Amino acid sequence: MSDDEREEKELDLTSSEVVTKYKGAAEIVNKALQLVLKECKPKAKIVDICEKGDAFIREQTGNMYKNAKKKIEKGVAFPTCLSVNNVVCHFSPLASDTSELEEGDMVKIDMGCHIDGFIAVVAHTHVVKDGPVSGRQADVIASANTAAEVALRLVRPGKKNKDVTEAIQKVAAAYDCKIVEGVLSHQLKQFVIDGNKVVLSVSNPDTRVDDAEFEENEVYAVDIVASTGEGKPKLLDEKQTSIYKRAVDKNYHLKMKTSRFIFSEINQKFPILPFTARALEEKRARLGLVECVNHDLLQPYPVLHEKPGDYVAHIKFTVLLMPNGSDRVTSHPLQELQPTKAIDDPEIKAWLALGTKTKKKGGGKKKKKGKKGDKADESTEAEAGAEPMDATTD
């Protein structure tokens with residue numbers, strides 16, 4: 001076996017060091033999410049909260065592997081986003097933006113962390129209010145969360161990606177909600193946030209993905225977005241886009257000096273993973289990013305919208321397909337929900353009754369789960385003293 005093959009083999013979950021890094025990143029992102037949630041109050045500026053989330057991840061990862069023999073890259077794997085009410089995803093505004101949260105806003109928090117390129121992402125939905133969440137807001141959060149719980153049980157070795165696509169749509173329909181089109185759950189690999197194995201949220205003639213089967217020792221970012229509207233989001237304003245990722249396979253000789261300056265900065269600071277334009281010098285970035293995007297050097301993550309009055313909920317988690325079962329390493333408890341609908345479909349109930357752990361011996365019987373499933377805290381035993389993004393919403 002060559003050194004390259006040995007290295008490739010060691011970089012999945014068969015290596016305890018790799019598992020430790022995934023769980024370390026997960027622990028950090030779970031704590032970052034907790035911090036961001038505490039900041040979600042009426043009159044809080046959205047950009048300030050996003051900055052605090054990113055700063056926490058940078059600070060926590062900065063304390064890790066300081067004495068490693070070779071430099072280990074670590075930090076933000078997906079910038080903190082706060083998308084409110086009918087905004088679907090990717091809202092992480094520039095420093096000059098004055099948007100604030102209001103009482104009753106439904107906020108989708110989306111963020112990610114990596115250690116040595118091993119990525120953990122999380123998304124969570126929270127309503128800015130005291131007391132239980134009711135009505136259609138509760139319905140859409142419950143639909144996204146129940147769909148996520150079903151997906152956790154179906155993203156397992158031997159199952160197919162299309163099994164998950166069909167199941168999550170059925171769950172959303174039970175709450176009279178729709179799964180949002182265009183969202184992909186991606187396999188995660190070292191420094192790869194959007195691996196080729198994907199789960200489609202909604203299958204339709206315009207969007208197709210290759211059939212794939214889940215396998216042991218794989219890692220996935222399971223990304224569920226549900227809406228009280230049609231589930232067909234639109235791009236309303238390209239200027240709202242602030243998150244980009246370097247398209248590493250594309251090259252072009254940029255004409256504008258500003259573009260070349262910005263592109264050089266991106267290559268130096270953010271060569272692989274998504275970043276926010278806030279991290280660049282703002283005036284130059286506005287001009288330079290346009291030419292980079294026009295020539296496909298950068299992949300934009302657009303801010304998408306449902307219709308005003310619709311509510312959108314987002315739940316995303318990172319799951320490690322370990323030999324003893326699925327290990328969900330990122331999550332946060334929901335507020336108390338009082339949905340108007342309840343699950344009485346026997347097929348959905350059967351999915352939810354499935355365990356996520358398997359006994360190593362004894363015919364692969366499933367272990368009964370507790371009521372809330374595996375909490376992230378239980379599965380991230382302070383191995384690396386750290387804390388975790390995101391699958392992309394394409």
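Here are a few things to note about the model shown:
- So Gly135, is it out of contact with any Gly (no Cβ under 9 Å at 6 or more places or on another chain) and closer than 29 Å to Glu282 by Cα: no
- Taking the criterion of being part of a loop (DSSP other than H, G, I, E, B) and either on the phi > 0 side of the Ramachandran plot or touching a strand residue (DSSP E or B) at 6+ places or on another chain (Cβ under 9 Å) (or both), the residues of the stretch 189-207 that qualify are Gln190, Phe191, Ile193, Asp194, Gly195, Asn196, Lys197, Ser201, Val202.
- Filter pass, Phe263 being over 30 Å from Ser134 (Cβ atoms) and buried (at least 21 other Cβ atoms within 10 Å of the Cβ): yes
- Lys341 at pLDDT below 50 and open to solvent by 70 Å² or more (accessible area, probe 1.4 Å): no
- Each residue in the stretch 162-188 was checked for being part of a helix (DSSP H, G or I), in contact with a strand residue (DSSP E or B) (Cβ under 6 Å, 6 or more places away or on another chain) and β-branched (Val, Ile, Thr), and 3 pass.
- Scanning the stretch 66-105 for residues that are open to solvent by less than 30 Å² (accessible area, probe 1.4 Å), among the β-branched types (Val, Ile, Thr) and under 29 Å from Val133 (Cβ atoms) turns up Thr80, Val84, Val87, Val88.
- Pick from the stretch 165-185, criterion of a type in the set (A, V, I, L, M) and closer than 13 Å to Ile348 by Cβ, ranking: nearest to the chain's Cα centre (by Cα): Ile168
- When each of Asp237, Asp223 is tested for being surrounded by fewer than 21 Cβ atoms within 10 Å (Cβ to Cβ) and out of contact with any Phe, Trp or Tyr (no Cβ under 7 Å at 6 or more places or on another chain), the lone residue that passes is Asp237.
- Taken over the stretch 300-334, residues that are surrounded by 17 or more Cβ atoms within 10 Å (Cβ to Cβ) and either polar (S, T, N, Q) or modelled with pLDDT under 95 (or both) amount to 5.
The values are calculated or read from the model by the stated rules, or taken from the named source; none is laboratory data. Only a predicted model underlies this, so the values are computations on that prediction, with no experimental measurement involved. With ideal geometry, Cβ positions are generated from the backbone for all residues, glycine too; neighbour counts draw on all protein chains shown. Keep in mind that these areas ignore ligands, DNA and RNA; they rest on the heavy atoms of the full protein, side chains included. Shrake-Rupley method; radii C 1.70, N 1.55, O 1.52, S 1.80 Å.
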